[in-house]
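Note sheet for the following structure.
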Amino acid sequence: MIQLFKVKLSISTYALNFKFKAGTSRGVLEEKLTYFIRVTSEKFPGIFGVGEAGPLKGLSKDDVPDFLERANRILTLVEKLEFHPNQEKLLSQVDSMGLQEFPSLQFGLEMALLDLINGGERRILANDFFTSGIPIAINGLVWMGGKAFMERQIDEKLDQGYNCIKMKIGAINFEQECALLGKIRSSFPKNKISIRVDANGAFSPQNAMEKLKKLSQFDIHSIEQPIQPGRAKKMAALCKDSPIPIALDEELIGIHGWKQKLALIETIKPHFLILKPTLLGGILATREWVDIASQTNTGWWMTSALESNIGLNAIAQLTSALKGTMPQGLGTGQLYHNNVESPLSISEGKLFYNKNLDWKIPETLT
């Protein structure tokens, strides 16, 4: 007979401090607030599971000023439930809670519960990244900033062995950004270095095609979200005629259910999807996007949403479980002065899980 179990939960705030001023089209970031969830159960004595709810300021559905208060109310209700120890049934239970307005909390709760039933060893899912140490290829991220700052980042990423560079654009003069791209391409052809750019919706619908044509001279692999989300017809026209493959990112936020997701992809017909589980509502929601991508012959890759190593670990394991083959956007573990120490490491453009290293979970969670 299957024995259901109840849990005890706590949630705490943690401020991640950037090593530099991280420029985005939505402003400059110096600190990222995130929330760690701790779960225990009498059925699993002596261990605890950890998850991370990391709403992204100005973008997440659950970026609300009273997030902690509302999260505590939700977790109090969760403590009244009984959970199934089977992974898939447990995920379905969490998915049925109606947390669509709290996607990062749903993902954090999934992480914590799966960690708990898998022994409290930070293993979230069955996957080769954790179990066999098979690394995940990642892109080297170049943040927005002054020309010299961006140029220095590019040089560092190339020296570190990345063969896929992602550059955020839209912060400085467009011609200067093109000059930086030209510098990469003049030294490295596309069969040596793949270049992705991320506009974060910085182009206007009126000038987007002109800029896409200008960018195409640099053999760009893809561009993320050239215009703001919510303009499906305009985005569809861009995807149809763009000389550069277009990836949807922010466009996917707040889209729920198979029919609505499929309708969006069939309308816009993007070349790629950028999947951020924290913004999309966790594991099952992300899996659904991957299934739709497969059905519509759309490429995809996973990207972190500035989580700590706790969240990054879960996303990496999900990526591995879903057999992601392209370079993923999972290089954010090196962004912070005070990230959670973990077995995650980066070498030669790949993310590794090194079981010889230990997790050092914050004392408030232990």
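The values are calculated or read from the model by the stated rules, or taken from the named source; none is laboratory data. Remember, predicted model here, so these are calculated numbers, not experimental data. Every residue, glycine as well, gets a Cβ built from its backbone with ideal geometry; the counts of neighbours run over all protein chains shown.
With (1) over 20 Å from residue 365 (Cβ atoms); (2) buried (at least 21 other Cβ atoms within 10 Å of the Cβ) as the list, and residue 105 as the residue in question, which single condition is left unmet?
(1)
In the range 252-283, which residues are within 28 Å of residue 211 (Cα to Cα) and touching a strand residue (DSSP E or B) at 6+ places or on another chain (Cβ under 9 Å)?
Correct list: 252, 264, 265, 268, 270, 271, 272, 273, 274, 275, 276.
Here's the yes/no breakdown for (1) of a type in the set (S, T, N, Q); (2) crowded, with 17+ Cβ neighbours inside 10 Å:
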position: 11; (1), (2): no, yes
position: 17; (1), (2): yes, no
position: 21; (1), (2): no, no
position: 38; (1), (2): no, yes
position: 47; (1), (2): no, no
position: 53; (1), (2): no, yes
position: 58; (1), (2): no, no
position: 65; (1), (2): no, no
position: 69; (1), (2): no, no
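One line per residue, one yes/no per condition, for (1) at pLDDT below 95; (2) in the same structural domain as residue 249 (by TED's automatic domain parsing); (3) among the small types (Gly, Ala, Ser); (4) part of a loop (DSSP other than H, G, I, E, B):
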position: 14; (1), (2), (3), (4): no, no, no, no
position: 29; (1), (2), (3), (4): yes, no, no, no
position: 44; (1), (2), (3), (4): no, no, no, yes
position: 56; (1), (2), (3), (4): yes, no, no, yes
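Conditions: (1) among the aliphatic types (A, V, I, L, M); (2) within 21 Å of residue 38 (Cβ to Cβ); (3) touching a Gly at 6+ places or on another chain (Cβ under 8 Å). Residue 351 meets all but one. Number of the miss?
For residue 351, the failing item is (2).
Let me spell it out: the conditions are (1) surrounded by 15 or more Cβ atoms within 10 Å (Cβ to Cβ); (2) without any contact (Cβ under 8 Å) to a residue 12 or more places away in the chain; (3) not hydroxyl-bearing (Ser, Thr, Tyr), and residue 180 meets all of them except one. Which number is the exception?
(2)
Checking the condition of a type in the set (S, T, N, Q) and either within 18 Å of the chain's Cα centre (by Cα) or within 30 Å of residue 20 (Cβ to Cβ) (or both), which residue from 163, 86, 118 passes?
On the way: 86 fails: either within 18 Å of the chain's Cα centre (by Cα) or within 30 Å of residue 20 (Cβ to Cβ) (or both); 118 fails: either within 18 Å of the chain's Cα centre (by Cα) or within 30 Å of residue 20 (Cβ to Cβ) (or both).
Exactly one of 163, 86, 118 is of a type in the set (S, T, N, Q) and either within 18 Å of the chain's Cα centre (by Cα) or within 30 Å of residue 20 (Cβ to Cβ) (or both), namely 163.
Are any residues in the range 268-283 closer than 15 Å to residue 316 by Cα and either not assigned by TED's automatic domain parsing to the domain that holds residue 323 or not in a strand (DSSP E or B) (or both), and if so, which ones? Even if it seems obvious, please write down each step before you answer.
First pass over the range 268-283, keeping only residues closer than 15 Å to residue 316 by Cα: 274-278, 282-283.
The answer is 276, 277, 278, 282, 283.
Scan the range 197-223 residue by residue and report those that are over 20 Å from residue 173 (Cβ atoms) and touching a residue at least 40 places away in the same chain (Cβ under 8 Å). I'd like the intermediate steps shown before the answer.
Filtering the range 197-223 down to residues over 20 Å from residue 173 (Cβ atoms) leaves 205, 219, 221-222.
Listed by number, the residues that qualify are 221, 222.
Sort out which residues of the range 150-173 are surrounded by fewer than 16 Cβ atoms within 10 Å (Cβ to Cβ) and either on the phi < 0 side of the Ramachandran plot or not assigned by TED's automatic domain parsing to the domain that holds residue 271 (or both), and write them in order of number. Spell out the reasoning first.
We begin by selecting, within the range 150-173, every residue surrounded by fewer than 16 Cβ atoms within 10 Å (Cβ to Cβ); these are 152, 155-156, 159-161, 173.
Scanning the range 150-173 gives 152, 155, 156, 159, 160, 173.
Could you check residue 62 against (1) out of contact with any Pro (no Cβ under 9 Å at 6 or more places or on another chain); (2) charged (D, E, K, R); (3) in a loop (DSSP other than H, G, I, E, B) and say which number it fails?
All conditions are met except number (1).
Kindly check whether there is at least one residue in the range 69-85 that is assigned to a strand (DSSP E or B), at pLDDT 95 or above and not hydroxyl-bearing (Ser, Thr, Tyr).
Pass one, the range 69-85, residues assigned to a strand (DSSP E or B): 83.
Next cut, at pLDDT 95 or above only: 83.
Then drop every residue that is not not hydroxyl-bearing (Ser, Thr, Tyr), which leaves 83.
Checked the range 69-85: at least one residue is assigned to a strand (DSSP E or B), at pLDDT 95 or above and not hydroxyl-bearing (Ser, Thr, Tyr).
Determine which member of the set 125, 141, 116 is in contact (Cβ under 8 Å) with a residue 60 or more places away in the chain and in a loop (DSSP other than H, G, I, E, B).
Working: 141 fails: in a loop (DSSP other than H, G, I, E, B); 116 fails: in a loop (DSSP other than H, G, I, E, B).
It is 125.
Pick out the one residue from 247, 293, 305 that is assigned to a helix (DSSP H, G or I), closer than 24 Å to residue 104 by Cα and small (Gly, Ala, Ser).
293 is the lone residue from the list that is assigned to a helix (DSSP H, G or I), closer than 24 Å to residue 104 by Cα and small (Gly, Ala, Ser).
Scan 223, 265 and give me the residue that is part of a helix (DSSP H, G or I), among the β-branched types (Val, Ile, Thr) and surrounded by 13 or more Cβ atoms within 10 Å (Cβ to Cβ).
Criteria check complete, one pass: 265.
Would you check if residue 263 is closer than 30 Å to residue 102 by Cβ, of a type in the set (Gly, Ala, Ser) and in contact with an Asp or Glu (Cβ under 6 Å, 6 or more places away or on another chain)? Steps first, please.
On the way: closer than 30 Å to residue 102 by Cβ: yes; of a type in the set (Gly, Ala, Ser): yes; in contact with an Asp or Glu (Cβ under 6 Å, 6 or more places away or on another chain): no.
Criteria not met by residue 263.
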